[in-house]
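So the structure is just underneath, and the comments pick up after that.
The values are calculated or read from the model by the stated rules, or taken from the named source; none is laboratory data. Keep in mind that what you see is a predicted model, and the values were worked out from it rather than measured. Virtual Cβ from ideal backbone geometry, glycine too; neighbours counted across all protein chains shown.
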Amino acid sequence: MSDFRAYCVPSSREPAEITLSPEESHHLVAVNRARIGDTVVAFDGRGQEWTTELIGDRKNGAVLKVRSSRQAKSLPYEITLGQALPKGGLMDAIVRKATEIGAARVVPLESERTQVHLDGGRSDRKIEKWQVAALEAAKQCGNPWLPEIAPVQAFEPFIASARDYDLKLIASLQPGAKSLKAVLAAFHTAQHRAPKKVLWLIGPEGDFTPEEMSLAQNNGFEPITLGPLVLRCETAAVYALSVLSYELQNG
């Protein structure tokens, strides 16, 4: 794999040359110190990649000459993370890890115990920041697919509208929460296949309230245990996505 990766939105599907945005050009040339003749893998975040050669090293308009292209094969499943907003900059880290693990979509949620509440302007700026975090993670780990970062949504209407999923899970500390293996086995027995689209909800500091948990269950969510220990929300997100991705890849 090339040491250099750059995000691009070329004007055609089969470009001979690609001119990077000022932001990507600066990152490639000034930050990563790519030089004329270096190999750069450009990607569009939708699975298309181009192996290129840097032929123009302007910091506001680097130019790449395309040598070859490929369309990456998409995963056979799609995971959406519904993450109740944590405090501080933890959401940035969660988005990065979700990108590395291969989540298709991240939905930031405002729940009853969420301590971060964003108005319209702040919400837009945060989404842009999370999109940058996802892009940086994709370049670092070689993921050709960028996850969708959805607008911040209130918990109750999101739960009520979450219908287009094969399986809906919610991390839970309550007695009776099932193991992921058991729920996936039951799905396979009933449907004779693995789930294609899965939604997993992770709570904020203090977890979801009993009322929110009840609402989720009434809307078809399965409470899933993440083990006997109480995990920080960012740890829970990474743990949940990791074990689910592993099971779906090997199921």
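Filter the range 197-226 down to residues that are in a helix (DSSP H, G or I) and charged (D, E, K, R) and give me whichever is farthest from residue 105 (Cα to Cα).
Looking at the filtered set, the residue picked out is 211.
Conditions (1) under 24 Å from residue 245 (Cβ atoms); (2) touching a Ser or Thr at 6+ places or on another chain (Cβ under 6 Å); (3) not in a loop (DSSP other than H, G, I, E, B), marked per residue:
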| site | (1), (2), (3) |
| --- | --- |
| 107 | yes, no, yes |
| 125 | no, no, yes |
| 129 | no, no, yes |
| 139 | yes, no, yes |
| 164 | yes, no, no |
| 182 | yes, no, yes |
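Quick one: count up the residues across the range 136-176 that are aliphatic (A, V, I, L, M), touching a strand residue (DSSP E or B) at 6+ places or on another chain (Cβ under 7 Å) and more than 21 Å from residue 116 (Cα to Cα).
Count: 3.
Could you say which residue among 78, 110 is within 18 Å of residue 156 (Cα to Cα) and either of a type in the set (Gly, Ala, Ser) or touching a strand residue (DSSP E or B) at 6+ places or on another chain (Cβ under 8 Å) (or both)?
Result: 110 is the single residue among 78, 110 that is within 18 Å of residue 156 (Cα to Cα) and either of a type in the set (Gly, Ala, Ser) or touching a strand residue (DSSP E or B) at 6+ places or on another chain (Cβ under 8 Å) (or both).
Name the single residue, out of those in the range 174-184 being in contact (Cβ under 8 Å) with a residue 40 or more places away in the chain and out of contact with any Asp or Glu (no Cβ under 8 Å at 6 or more places or on another chain), that is surrounded by the most Cβ atoms within 10 Å (Cβ to Cβ).
177
For every residue, the table says whether it meets (1) modelled with pLDDT under 95; (2) part of a strand (DSSP E or B); (3) basic (Lys, Arg); (4) within 20 Å of residue 245 (Cβ to Cβ).
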{"residue": "51", "(1), (2), (3), (4)": "no, yes, no, no"}
{"residue": "74", "(1), (2), (3), (4)": "yes, no, no, yes"}
{"residue": "88", "(1), (2), (3), (4)": "yes, no, no, no"}
{"residue": "94", "(1), (2), (3), (4)": "no, no, no, yes"}
{"residue": "117", "(1), (2), (3), (4)": "yes, no, no, no"}
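Within the range 135-173, take every residue that is loosely packed, with under 14 Cβ neighbours inside 10 Å, farther than 22 Å from residue 96 by Cβ and of a type outside the set (A, V, I, L, M, F, W, C) and give me the one that is nearest to the chain's Cα centre (by Cα).
Ranking the qualifying residues of the range 135-173, first place goes to 164.
For the range 137-161, what are the residues that are in contact with a helix residue (DSSP H, G or I) (Cβ under 9 Å, 6 or more places away or on another chain) and of a type in the set (A, V, I, L, M)?
Those that are in contact with a helix residue (DSSP H, G or I) (Cβ under 9 Å, 6 or more places away or on another chain) and of a type in the set (A, V, I, L, M): 137, 138, 146, 149, 150, 152, 159, 160.
When you go through 71, 115 one by one, which is the residue that is in contact with a Lys or Arg (Cβ under 6 Å, 6 or more places away or on another chain), loosely packed, with under 15 Cβ neighbours inside 10 Å and not hydrophobic (A, V, I, L, M, F, W, C)?
115
Which residues, counting only those in the range 7-31, are over 18 Å from residue 145 (Cα atoms) and part of a helix (DSSP H, G or I)?
Listed by number, the residues that qualify are 22, 23, 25, 26, 27, 28, 29, 30, 31.
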